[in-house]
Amino acid sequence: MRHLLSTQDLSVPRALRLLDVAEEMAAVGEREIKKLPALRGRTVVNLFFEDSTRTRISFEAAAKRLSADVINFSAKGSSVSKGESLKDTAQTLEAMSADAVVIRHPSSGAPARLAASGWIDAAVVNAGDGTHEHPTQALLDAFTLRRHRARLGGEPSTGSTLAGMRILIVGDVLHSRVARSNVWLLTTLGAEVLLAGPPTLLPVGVHSWPCTVYYDLDDALARRPDAVMMLRLQAERMHAAFFPSTREYARRWGFDDARLARLDTLGLKDTVIMPPGPMNRGLEISSSAADSSRSTVLAQVRNGVSVRMAALYLLLSGDQQDDDAEDDVPAPDPRTSTPRATDLSPEGRTRDQ
Amino acid sequence: MTVPASESGVTKRVVLAAADIDRALTRIAHEILEANKGSQDLVLLGIPRRGFPLAQRRAQKIAAVDPAVDPALVTGQLDVPLYRDDLRRNPTRSPLATQLPPSGIDDKVVVLVDDVLYSGRTIRAALDALADLGRPRSVRLAVLVDRGHRELPIRADHVGKNLPTSSRERVRVHLAEIDLIGGSAVNEVVIEDRT
Amino acid sequence: MTSDTPQYLIRGAALLGGPVRDLLIRSGSIAAVGDTAAAEASSSAVVVDATGLILLPGLVDLHTHLREPGREDAETVETGSRAAALGGFTAVHAMANSSPVADTAGVVEQVYRLGLAAGWVEVRPVGAVTVGLGGQRLAELGAMAESPARVRVFSDDGICVHDPVLMRRALEYVKAFDGVVAQHAQEPRLTEGAQMNEGEVSAVLGLTGWPAVAEESIIARDVLLAQHVGSRLHVCHVSTAGSVEIIRWAKARGIDVTAEVTPHHLLLTDELVRSYDPVYKVNPPLRTSDDVHALREALAEGTIDVVGTDHAPHPSEHKECEWAQAAMGMTGLETALSVVQHTMVETGLLDWEGFARVTSVTPARIGRLAHQGRPLAAGEPANLVLVDPAARWTVDPGTMATKGRNTPFRGLELPGSVRATFLGGHPTVLDGVLATPRRAPVSSPDREAGSWSI
């Protein structure tokens, strides 16, 4: 694995490997001495173009537990906001011999750009880019769900997929990088994914996703999900005519006390609630739902460090001839290999007619 | 004895057969008990993957001598890739679970068990890993095969067989718990050589 | 004025890809075609061996960004017109979004003079429809039309004339001097912050979508406006299958609308955006393969009339950045011929005569350039291009004449190369490389005819 940019290109073996290694990292987290020498002498840069204390601290803890040196580069309010380009910043980090760059950026695709540009040799970890993806968040969600099920079944979670689980993701899918990363990862791991939200906040093109879409949250809850993941509603969406009012949104798509009670009515005693972080209490989720025993929020924070340790370990150990390097076959040139582009060659044309 | 090469250009030589391995384990079990003056505070930690079944077998041998010993309560697994100094030179290895016996390792006599002792780097990593897990009273090392070519000042306390090898050769240990060859479980130590 | 200029005897060219003939160029015109050409040639005539080559009327681009004045770091009239000559063009229309905007007679005349001085290609300024491209007040369209630049095409390209009243007035007003409004069809509210085609790919990439309806709704409105006021309308860079349907409907109703497609929209799809490489960021955005196929069919059947490059060079720092921060646009002058050959000729959708129609004859008619896009016959002006259709070349932006390195075809092998370009009888390109610029007849005070006329 060279970079971790999205969950869409994670194969089942790779996803499982990340989660299984995270299990071992979690075990280290339970020891008295929580530190491992694996990445001694390596440098991890947290390059944050957007404020996110939680994610940065989680990556920082992960890198430090692996004995890496950590440099925090908050690009907000630095020379970057004075017009220095991503390219210049990348080259600065390259000159500082960064081995891994953990990047959070408001523009979708910025990590992919950094990884493909040749500006930098370091491994790139996407810590959330625009409305594209947030792969380590999805990995920690999957990790949390896998452990939840393993505990219910009394079986070890290592090595197991999420086959048979049904996960409901609720809210602003359109602008959510967490939703995207989870849709790809959870379905790759065999779970069934349901989406529920207002039609204005579901992307055009969602019909091509491997999910079932509901406009009515209660209809979706009646499908008896094993987990309900609530997405955060960002303040700037509240005034852009995506829905009439926050009150109407909360009534239709908020996980309120009535819906919390409904889980009991439906007999869903093991269904967990995964609140967004940070959350707007009373909007996406009521306080009693967020604080109920069904909430996985604290486990998620703990598991976040473990999966990020796993990601950093797998990215920064090993030589270039990785044992799963066959997954790294470059994609064919889409300019000449778009699904129908072959019809365009003279021969293809004849076949077409 | 030399058997025909199964892959082109590789010859295989069986140096320990199943009975040889069993004899060696029995002898080492006795050596350990003798050195420790009994089974008091003994913990056997196998290094994955083949050190772990060897530790289990040795614990059985010890239990056969001293019925007070419960093999399951003295055996554990110690995984070391996260402590290796050559992480960047080799393909990435996923760490396996480290499992300590319920009694822990503090003030115990820990016997590290591995199949082949070669450069000594694995054992160096294992010693570092142990230090992060607790403080044993003493640490001993038991290996099935010592093939020489040490790169660190490390030596085994108990050796099944000393095997002078060339560094071109590969020593492979096959154990029934892990290895299936041609569909049947095999216990043997072979030396492979590229010719 | 040109009796002492060299003669050129082109031997054995396939005229419009058809009959193989000799052709003599003398005094800026085609002097003879066929067996008489060699006989009429003077002993000093330069012989151009055109065996295996196709002779076409020089390409005419209705849609070029030359960036001068204002963004000379991106392109100048000199560099852009060199690129045009190498691409087989004998005329280009320079879009108005320079700085200052080409919204007065002064600016269009400046661009026009720069083109004359460069001498590689006929540079025809496009005038802005509204002052400063602001969409508020009409620019002085008449003054630009009457200036030496003789502007006939007016466009706020890059920005849509979205106010329906203003668009109606512009369509009506340009009738006074046989002008045409070239509309950049993009409903602004539907495309706020838009980054790429809205569809399955944008959903995955998390980039703000640019719906096809934002283009189609403006085209639908504009063809109805053009019908109502009886004006002609040109639609720039049509990019969706739905736009094709609307234009087909409008033409069937007799509305005087012409439409343009870019080479990149004939080949590339939004799948390329998955790389997040801003070299694929363009306005209008790359669409789906269904759209690509609809555009090709439309160009073949005549629903879309012309190919326009929308050549849009940018300095590298405007592309070497995050997708959302990057500028929109692609270079196109030096790849247009090859891409159109690849997508239209080699697919059997157009023959070379059809190629000449969409790249030269019709664009010249829309731009009212009487001496461009003419038949290959004796007495016609010698604006010509010789093409080697069998050539194959790999696109390398580093070797291009344009300052822009932002070609989306980098590394792609394409067919067809320009062997020679004749501008008013003068070879601007010979043997596939730049020759010399045509000497501008600087002394000519002939403002009426325009100095490009022969």
Scan region C:287-300 and tell me whether some residue there is crowded, with 24+ Cβ neighbours inside 10 Å and under 18 Å from the mean Cα position of the chain (by Cα). yes
Filter result (within 14 Å of another protein chain (Cβ to nearest Cβ), part of a loop (DSSP other than H, G, I, E, B) and in contact (Cβ under 8 Å) with a residue 40 or more places away in the chain) within region C:145-200: C:ALA194, C:GLN195, C:GLY199
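From A:LEU47, A:LEU5, A:LEU86, which residue is in contact with a helix residue (DSSP H, G or I) (Cβ under 9 Å, 6 or more places away or on another chain), within 14 Å of chain C (Cβ to nearest Cβ) and without any contact (Cβ under 8 Å) to a residue 40 or more places away in the chain?
The match here is A:LEU86.
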Here the residues within region C:83-108 that are farther than 11 Å from C:LEU66 by Cβ and in contact with a strand residue (DSSP E or B) (Cβ under 8 Å, 6 or more places away or on another chain) are C:ALA85, C:LEU86, C:GLY87, C:GLY88, C:PHE89, C:THR90, C:ALA91, C:ASP103, C:VAL107, C:VAL108
Counting just the residues of region C:397-411 that are within 14 Å of chain A (Cβ to nearest Cβ) and of a type outside the set (Val, Ile, Thr), which one comes out farthest from C:VAL273 (Cα to Cα)? C:GLY411
Output the helices (runs of 4 or more DSSP H) that fall wholly within region C:291-373 and possess 3 or more residues being touching a Phe, Trp or Tyr at 6+ places or on another chain (Cβ under 9 Å), or say none. C:336-340
Would you confirm whether any residue within region B:97-118 is in a strand (DSSP E or B) and either within 11 Å of chain A (Cβ to nearest Cβ) or free of Cβ contacts under 8 Å to residues at least 40 places away in the same chain (or both)? yes
So A:GLY41 fits all but one of (1) within 14 Å of chain B (Cβ to nearest Cβ); (2) assigned to a helix (DSSP H, G or I); what number is the exception? (2)
Mind counting the residues in region B:40-55 that are under 17 Å from B:LYS108 (Cβ atoms) and surrounded by fewer than 19 Cβ atoms within 10 Å (Cβ to Cβ)? 2
Among the listed residues A:ALA122, A:ALA138, A:ALA150, A:ALA163, which satisfies the condition of being closer than 19 Å to A:VAL12 by Cα, over 9 Å from the mean Cα position of the chain (by Cα) and either touching a residue at least 12 places away in the same chain (Cβ under 8 Å) or not assigned by TED's automatic domain parsing to the domain that holds A:LEU268 (or both)? A:ALA163
Conditions: (1) part of a strand (DSSP E or B); (2) within 14 Å of chain C (Cβ to nearest Cβ). A:ALA127 meets all but one. Number of the miss? (2)
When both residues are 6+ apart or on different chains and their Cβ atoms are under 6 Å apart, which pairs have a first residue that lies in region A:212-229 and is polar (S, T, N, Q), and a second that is at pLDDT 95 or above? A:THR212/A:LEU194
Residues of region A:152-173 being surrounded by fewer than 24 Cβ atoms within 10 Å (Cβ to Cβ), not in a helix (DSSP H, G or I) and not hydroxyl-bearing (Ser, Thr, Tyr), in sequence order, are A:GLY154, A:GLU155, A:PRO156, A:GLY159, A:ALA163, A:GLY164, A:MET165, A:ARG166
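Taking the criterion of being of a type in the set (Gly, Ala, Ser) and more than 26 Å from C:SER98 (Cβ to Cβ), would at least one residue in region C:182-199 satisfy it?
Yes, the conditions are met somewhere in region C:182-199.
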Selected residue (criterion: farthest from the chain's Cα centre (by Cα)) from residues of region B:132-181 that are aliphatic (A, V, I, L, M), closer than 30 Å to A:SER67 by Cβ and not in a strand (DSSP E or B): B:LEU133
Just one of the numbered conditions (1) out of contact with any Gly (no Cβ under 7 Å at 6 or more places or on another chain); (2) crowded, with 24+ Cβ neighbours inside 10 Å; (3) more than 10 Å from chain A (Cβ to nearest Cβ); (4) hydrophobic (A, V, I, L, M, F, W, C) is not true of C:VAL279; which one? (2)
Does A:SER107 count as closer than 23 Å to A:ARG42 by Cβ and within 12 Å of chain C (Cβ to nearest Cβ)? no
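The values are calculated or read from the model by the stated rules, or taken from the named source; none is laboratory data. Here the structure is a predicted model, which means the values were calculated and not measured. Counting neighbours? That spans all protein chains shown, and the Cβs are built from the backbone with ideal geometry, glycine included.
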